[in-house]
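Please read the structure below before turning to the comments.
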Amino acid sequence: MQLIDGKSVSEELRKNIQQDVSLWVASGGKKPHLCAILVGDDGASHTYVAAKIKDCEAIGFKSSLYQFASNVTEEKLIQTIEEINQNPDIDGLIVQLPLPKHISVDRVTQTIAPEKDVDGFHPQNVGRLSIGLPTYVSATPFGIIKLLEYYGIETAGKHCVVLGRSNIVGTPAAILMSRNVYPGNATVTICHSKTDNLEQYTLQADIIIAAIGIPEFLKADMVKPGAVVIDVGITRINDASKKSGFRLVGDVDYEAVAPLCSYITPVPGGVGPMTRIGLLTNTLKAARKEIYTNSK
Ligand code: GUN
């Protein structure tokens, strides 16, 4: 079994982006500028956005943050997004999810200008992904694909089972794995909460992408020996034996599943650190106007 070390791969890719941005700025390019919008006081969202801002500063990007109370109106949020869309200094915009229930995520997502949508959530960017046009690949599927590529894991002709069909992870990961490029060319099955006898699919899988949001869901008796297992889940579980009072677990029963695998991602330190690289990559692409201006 080989551990897929997302932490060290992300550090290497981070250095490459840092070099690219220095060269870009040294040759007269505009310093990439990411803007984040954060609504409410969800602890995890605050942590994630703080990490994104810190990443930008560390790599040589400009960043800005708009914060709103959880009772902000949808209109106010939409108006702010429209202003940011018009601001030529801002290259990329993300609105951290989840949003309070009174705000339509679909309306917010569709208001972000596609060329600034560095999360890759706008339907236009998802559509581009599905027909193989250059686009902003959203952060988590980006991280998964880059890890498969880094480790040279064979995907062509393999059966890839994706657990979960979310817009953010499962669906784009399935699209990427079926594209006619490497990593891709897999035969893809998407399993979800309504799938009957889910283990009949996972037992046939050469590659399993677990993004179902249920801690330790994938058990050893659901995995074929030699499979590649990519664990996207991350949940805090109370654990009195830890100084912090909790530990992080993925969607895979790691202790039992790992010995069966050819490759597996740990949690933490697998897909998680790679997602941060996805956002940085997209923000640099936005500043260089790589996706939309060069009329690809
Ligand atoms: N919430 C969880 N993941 C993400 C992400 O990738 N982008 C945004 N904007 N919100 C999230």
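The figures follow:
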item: Rg/Rg_globular for the stretch 94-182, with Rg_globular taken as 2.2 N^0.38 Å and Rg from C-alpha atoms; result: 1.16
item: Surface per residue (accessible, 1.4 Å probe) for the chain, Å²; result: 47
item: 30 Å Cα-Cα reach of K15 towards lysines, excluding residues that sit fewer than 8 places from it in its own chain; result: K7, K30, K31, K52, K54, K62, K116, K146, K285, K289, K296
item: Carbon and sulfur %, accessible surface of the chain computed with the full protein complex present, 1.4 Å; result: 52
item: Integer Hz, Karplus 6.51/-1.76/1.60 couplings in order for the stretch 229-245, x for Gly and Pro; result: 10, 10, 9, 9, x, 7, 10, 7, 10, 4, 8, 5, 6, 9, 4, 6, x
item: Share antiparallel - DSSP beta bridges, the chain, percent rounded to 5; result: 10
item: Equivalent-ellipsoid semi-axes of the stretch 88-245, from the Cα gyration tensor, Å, largest first; result: 28, 22, 15
item: Computed lengthening from S45 to A156, 0.36 nm per intervening residue step minus Cα-Cα distance; result: 36.3 nm
item: Filtered trypsin sites (Lys or Arg not before Pro), the stretch 44-122: DSSP coil and at most 12 other beta carbons within 10 Å; result: K101
item: Inter-probe distance in nm under a simple model that places probes 7 Å from Cα toward Cβ, at S193 and K101; result: 1.5
item: Per-pair calculated FRET efficiency, R0 = 25 Å: S8 and Q124 via Cβ, rounded to 0.05; result: 0.10
item: Alpha-carbon centroids, the stretch 205-281 and the stretch 130-183: separation in whole Å; result: 17
item: In Å², nearest 10: area of E154 left accessible to a 1.4 Å probe; result: 110
item: Alpha-carbon Debye profile of the stretch 152-296, log10 I(q)/I(0) at 0.21 Å⁻¹; result: -1.33
item: Calculated diffusion of the chain, Stokes-Einstein form, Kirkwood radius summed over Cα pairs, 4 °C and 1.567 mPa s, µm²/s; result: 65
item: Sum of side-chain charges, E74 neighbourhood, beta-carbon under 14 Å (Lys, Arg +1; Asp, Glu -1); result: 0
item: Helix-derived mean residue ellipticity, 222 nm - over the chain, DSSP H n ≥ 4, -39500 (n - 2.57), to 500; result: -11500 deg cm²/dmol
item: Two-decimal Rg to Rh for the stretch 1-134 - Kirkwood Rh, Cα set; result: 1.00
item: Length gained when the stretch L203-S64 is fully extended (0.36 nm per residue, less Cα-Cα span); result: 45.4 nm
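The values are calculated or read from the model by the stated rules, or taken from the named source; none is laboratory data. Just so you know, these numbers come straight off a predicted model, no measurement behind them. As a convention, Cβ positions derive from the backbone with ideal geometry for all residues, glycine included, and neighbour counts pool all protein chains shown. These accessible areas exclude ligands, DNA and RNA; they are computed on the full protein's heavy atoms, side chains included. Shrake-Rupley method; radii C 1.70, N 1.55, O 1.52, S 1.80 Å.
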